[in-house]
């Protein structure tokens, strides 16, 4: 009885409802959950669009211009891979981790770390190495959302691709081992991989 | 009197040599032709070829693959010629024709190896550094000591610090780090033939191939027959060639990838014995 007489937000939340039935609370809670969860994911997906990514001039004037000249932007089959297809994991857990990591880019935006072409060029190697390390570390997971050695018929490829992919399979290589700089300009001064 | 005797003697010797050459010349109608594409390589020197961040095919080279093994496809080259002509790989200016075919025939007898090149040299060059010669054709034959010689052809002689490369010493010629190439060059002005070599530097004389070149421009094309001493039956010899078209000099040539000549042996180009 003494607890019921206490006031405050916490006490109110803990107090059993005398007015609403359990069913009403469950129904309201259920639909509210869908609403908020859906809203959260919609907002999350909005940050995965090409338009969102090039909303900042840092991306629009640099890497986007380079990407537009590549096969991942325009090709004979009409399939396009946008920024998030390569740079954001598809599954929820890894996506959340990546989004939280990416939140530090807001600080970069505020401090203007890459807000001129010169500053972007100066940081290109560091940014590229960071992304290459992420891709190497997860066995090029985002590439493999669309591509895989299993689904690849190397005999239908051009000779050089065919021969290199056979070596890649034999040596258990991952996509990013060879396919650096396929969507953006390679940075100057990139380190050579150690030969195995 | 003595002067006319000398003249007759000289004429006789020339006639004898000419007859011998006529007898020795292969019957080219019985020698298969192979069309090989030559291309403008820009600044893709040996250092570029073996640098993985520039050329992902280095993994293939390490496995023993040759340039031809990956890049010659259906009688053509599968390079991205736009990339080859772009500023990064050709900082000065690319020729209008990035690649063209050269018809190659190879024959031998006990004494000599004969190589015939037929091609139309394109105009529209980006560099006209050789005022004297409209066209030059150069053959290189690598020895067994050249590392990856049978895989990379002339590239073992082509380096970023050699003349006409960006920022390079204009007196430094092509060179090898190990091994040697025999060099034979035909230049259009006066049909000059150079019999030289490439080792620590390129020498345009002092070679031991006994090189002779016959032919020249006929119609709108060139047909050149190179004759050199037979390197030996049963040998597979690394071989590559270059055409300097439209007064080009230095690296502004069109080059073939590296092929092997099979002289009574296996090779990319089997030499027809006559």
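Each of B:239, A:40, B:119 was scored by other Cβ atoms within 10 Å of its Cβ. Listed from fewest to most, they are A:40, B:119, B:239. GNM on chain B, alpha-carbon springs under 10 angstrom: the most fluctuating residue among B:145, B:171, B:229 is B:171.
Dividing the convex hull volume of the alpha-carbon atoms in chain B by its residue count gives 148 Å³ per residue. Between B:188, B:208, B:108, the GNM of chain B built on Cα springs shorter than 10 angstrom shows B:208 fluctuating the most. For segment A:28-145, the Kirkwood estimate of hydrodynamic radius, built from reciprocal distances between every pair of different alpha carbons, is 16.1 Å. Computed over chain B, the per-residue total of -39500 (n - 2.57) for DSSP H runs of n ≥ 4 gives a 222 nm mean residue ellipticity of -4500 deg cm²/dmol, rounded to 500. With a cut-off of 16 Å on the backbone N, the residues of segment B:142-172 near the modelled label site 7 Å out from residue B:200 along Cα-Cβ are B:172. With R₀ fixed at 45 Å, the C-beta to C-beta distance from residue B:33 to residue A:182 puts the FRET efficiency at about 0.70. Legend: mean number of C-beta atoms from other chains within 10 angstrom of residue C-beta atoms, peptide B:57-69, equals 3. Report the residue, chosen from A:88, A:79, A:27, that carries the largest GNM mean-square fluctuation when chain A is represented by alpha-carbon nodes joined by springs under 10 Å. Judging by the Gaussian network model, the answer is A:27. Computed on segment A:50-196, with alpha-carbon pairs under 8 angstrom and 6+ residues apart, the relative contact order is 27 percent.
Roughly how many Å is it from the Cα centre of segment B:55-133 to that of segment A:35-99, as a whole number? Centre-to-centre distance over Cα atoms comes out at 41 Å.
Counting only alpha carbon atoms, the long axis of helix A:117-137 and the longest principal axis of chain A meet at about 80°. A simple spin-label model places pseudo-atoms 7 Å from Cα toward Cβ; at residue B:53 and residue B:86 they are separated by 1.7 nm.
Taking the square roots of 5 times each eigenvalue of the Cα gyration tensor of the protein assembly as shown, largest first, gives ellipsoid semi-axes of 68, 22, 18 Å. A Förster radius of 60 Å combined with the Cβ-Cβ distance from residue A:126 to residue A:22 puts the calculated FRET efficiency at roughly 0.60. Spin-label model, residue A:13 to residue A:77: label points 7 Å out along the Cα-to-beta-carbon direction sit 5.0 nm apart.
Please work out the FRET efficiency for the pair residue A:44 and residue A:118, using the Cβ-Cβ distance as r and a Förster radius of 22 Å; give the result to the nearest 0.05. Spell out each step's value before the answer.
Numbers: r = 33 Å, r/R0 = 1.51.
According to the calculation, E is roughly 0.10.
No lab work stands behind these numbers, since they all come straight from the coordinates. It should be emphasised that the depicted structure is a prediction, and the values quoted were computed from it without experimental measurement. Neighbour counts run over all protein chains shown; Cβ positions are idealised from the backbone, glycine included.
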